[in-house]
Amino acid sequence: MPNRIKLFFLMCGVNGAMTVIGSMLGNIFGKTGLFIGAIVGGIIGILIVMILARRFNLIEARNHVLTLIGATAGYLIAAAIAVNNLHTPVIPILCTSLVGVGAVIGSVINRQPA
């Protein structure tokens with residue numbers, strides 16, 4: 001399986017799981033805590049995947065920062081869409097794919113030889 005596909009699924013899966021875990025932990029502090037916990041959990045998920053992606057050579061070292069920026073941008077867009085569509089579980093779940101797409105785009109932006 002090509003590295004970009006592995007990166008996409010790893011980013012979507014880990015980020016989605018960490019967002020859910022963060023929101024559950026944040027829910028202890030009420031509705032605001034739920035949203036803050038989800039955002040913090042998602043960002044931690046992105047950082048975990050970045051470490052794993054480098055360890056398993058899914059991204060090149062020179063593309064590390066761009067991949068991080070792409071994934072974070074995708075996550076912020078996904079969070080904005082998901083928060084406005086909480087009446088259905090489908091849209092927030094599908095929004096998780098934006099994080100993976102952002103990571104893949106970031107990982108291929110700087111593909112020209114150094």
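Quick notes
- Residue pairs meeting the criteria (Cβ under 9 Å; at least 6 apart or on separate chains; first in a helix (DSSP H, G or I) and at pLDDT 95 or above, in segment 15-28; second aromatic (Phe, Trp, Tyr) and loosely packed, with under 15 Cβ neighbours inside 10 Å): none
- From the list Asn3, Asn15, the one residue that fits, being out of contact with any Asp or Glu (no Cβ under 7 Å at 6 or more places or on another chain), closer than 18 Å to Ile109 by Cβ and not basic (Lys, Arg), is Asn3.
Every residue, every condition in (1) under 17 Å from Val104 (Cβ atoms); (2) free of Cβ contacts under 8 Å to residues at least 24 places away in the same chain; (3) of a type in the set (A, V, I, L, M, F, W, C); (4) buried (at least 22 other Cβ atoms within 10 Å of the Cβ), yes or no:
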position: Thr32; (1), (2), (3), (4): no, yes, no, no
position: Gly45; (1), (2), (3), (4): yes, no, no, yes
position: Leu52; (1), (2), (3), (4): yes, no, yes, no
position: Leu68; (1), (2), (3), (4): yes, no, yes, no
position: Gly74; (1), (2), (3), (4): yes, no, no, yes
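- Scope segment 76-102; condition of a type in the set (Gly, Ala, Ser), in contact with a Cys (Cβ under 9 Å, 6 or more places away or on another chain) and in contact (Cβ under 8 Å) with a residue 24 or more places away in the chain; matching residues: Ala79, Ser97, Gly100
The values are calculated or read from the model by the stated rules, or taken from the named source; none is laboratory data. Values in this document were obtained by computation on a predicted structure and should not be read as measured data. Here Cβ is always computed from backbone atoms with ideal geometry, including for glycine, and neighbour counts include all displayed protein chains.
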